[in-house]
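Colleague: One structure follows; several queries about it will come next.
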Amino acid sequence: MRKIIHIDMDAFYASVEQRDDPGLRGKPVVVAWKGAQSVVCAASYEARTFGVRSAMPALRAERLCPQAVFVPPDFTRYRAVSRATREIFARHTDLIEPLSLDEAYLDVTLNKQNLPAATQVAGRIRQAIADELHLTASAGIAPNKFLAKIASDWNKPNGQFVIRPEQVLTFLTALPVGRIPGVGKVMEGRLKSLGITAVGELRAWDAAALTQQFGKYGQRLHELARGVDEHPVQPDRPTRSISAEDTFAQDVPLAETEATLRRLAEKVWQSALKERLVSRTVVLKLKTSQFRQLTRSFTPPEPPASCAVLTDIALGLRERVADEGLRYRLVGVGLSNFREPAAQPLQPGLF
């Protein structure tokens with residue numbers, strides 16, 4: 001039985017800005033460059049009360065919260081703070097899997113301090129972050145990564161929540177299916193059309209029925225509904241690709257995929273920005289109503305320099321798909337073929 005902790009820094013970029021500039025404390029801070037193509041990297045909790053969220057267009061954030069203080073991101077500083085948090089993690093375990101600058105999984109089944117409970121480990125880590133970095137973090141403690149990630153969001157900000165092995169099924173029964181990783185609004189709508197709104201209702205379906213409805217992901221849903229996730233914490237795992245995909249409530253023709261592709265491109269761009277990754281290759285993924293998968297990719301001479309460029313490339317890849325009257329159930333946008341960030345410095349004008 002593993003003991004997994006998911007640590008998630010609270011409003012990380014915005015919190016670093018408020019820590020380093022006392023004049024920003026208590027104010028709605030939005031970390032983003034202003035401009036038509038810019039997206040929000042982070043929002044302080046004061047800004048979130050106005051509905052401002054990460055990955056939102058900066059112009060929309062400005063409309064929602066006219067009094068917001070916009071601060072351009074400083075990734076050099078954020079990366080330094082992120083390294084400091086990982087030094088704190090390393091005092092307790094070497095099994096650390098960073099997901100981004102502000103979150104990571106830790107396997108503390110065997111921990112360096114020989115603490116008997118993972119909750120104690122999480123508490124000490126959070127206290128060290130507060131004492132040494134003057135920031136707050138939230139933690140989820142559970143028998144696997146799937147549950148730990150859900151738990152870390154339970155008592156945010158500056159809290160922790162534990163799901164013990166004997167509590168797993170009870171905890172999951174009433175959980176909305178939208179809290180399952182990979183279940184977006186469209187998938188949530190499809191599940192709702194089948195009478196499935198809570199994980200307990202999902203658990204009533206067998207693997208074969210879910211696979212028939214959702215393909216390979218159906219098997220994953222079957223496992224997660226039972227709290228099963230065997231994926232281990234993988235230290236220093238290199239990021240090979242970043243992608244986002246969505247399944248339509250009803251199969252659509254190719255011409256009606258543009259709005260979804262634009263939204264997915266924004267999501268992927270935000271993820272790459274958050275991790276400071278520079279990609280050379282853009283990938284388009286399509287799945288037909290008959291579950292036939294199509295992919296198209298393009299490696300431009302220079303990496304995409306903005307979300308707008310990424311979006312244009314993704315839409316251009318769609319033009320390379322012959323429109324044979326097929327209907328599509330899923331679309332996705334991805335980035336791969338990464339290069340070192342230092343080889344392609346980011347500039348404010350790019351965003």
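The values are calculated or read from the model by the stated rules, or taken from the named source; none is laboratory data. All of these numbers come straight from a predicted model, not from anything done at the bench. Counting neighbours? That spans all protein chains shown, and the Cβs are built from the backbone with ideal geometry, glycine included.
Colleague: For the range 201-218, what are the residues that are outside any helix (DSSP H, G or I) and surrounded by 13 or more Cβ atoms within 10 Å (Cβ to Cβ)?
Modeller: TRP205, GLY215
Colleague: Sticking with this structure for a sec: May I ask you to list the residues in the range 138-152 that are touching a strand residue (DSSP E or B) at 6+ places or on another chain (Cβ under 8 Å) and assigned to a helix (DSSP H, G or I)?
Modeller: LYS145, LEU147, ALA148, LYS149, ILE150, ALA151, SER152
Colleague: Next question, about the same structure. If you take the residues of the range 1-52 that are touching a Cys at 6+ places or on another chain (Cβ under 7 Å) and among the small types (Gly, Ala, Ser), which of them is modelled with the lowest pLDDT?
Modeller: ALA32
Colleague: Would you mind stating whether PHE89 is touching a residue at least 40 places away in the same chain (Cβ under 8 Å), closer than 18 Å to LEU273 by Cβ and more than 17 Å from the chain's Cα centre (by Cα)?
Modeller: For PHE89, the condition - touching a residue at least 40 places away in the same chain (Cβ under 8 Å), closer than 18 Å to LEU273 by Cβ and more than 17 Å from the chain's Cα centre (by Cα) - is not met.
Colleague: Looking at GLN120, GLN113 in this structure, which one is outside any loop (DSSP other than H, G, I, E, B), over 23 Å from the mean Cα position of the chain (by Cα) and surrounded by fewer than 18 Cβ atoms within 10 Å (Cβ to Cβ)?
Modeller: Being outside any loop (DSSP other than H, G, I, E, B), over 23 Å from the mean Cα position of the chain (by Cα) and surrounded by fewer than 18 Cβ atoms within 10 Å (Cβ to Cβ) holds for just one of GLN120, GLN113, which is GLN120.
Rundown of residues vs (1) surrounded by 22 or more Cβ atoms within 10 Å (Cβ to Cβ); (2) outside the structural domain of ALA137 (by TED's automatic domain parsing); (3) closer than 28 Å to ALA151 by Cα, yes/no style:
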| site | (1), (2), (3) |
| --- | --- |
| ARG19 | no, yes, yes |
| PRO22 | no, yes, no |
| PRO28 | yes, yes, yes |
| VAL40 | yes, yes, yes |
| ALA43 | yes, yes, yes |
| ALA47 | yes, yes, yes |
| PHE50 | no, yes, yes |
| MET56 | no, yes, yes |
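Colleague: Output the residues belonging to the range 169-200 that are of a type in the set (S, T, N, Q) and either surrounded by 15 or more Cβ atoms within 10 Å (Cβ to Cβ) or in contact (Cβ under 8 Å) with a residue 12 or more places away in the chain (or both).
Modeller: Within the range 169-200, THR173, SER193, THR197 meet the criteria.
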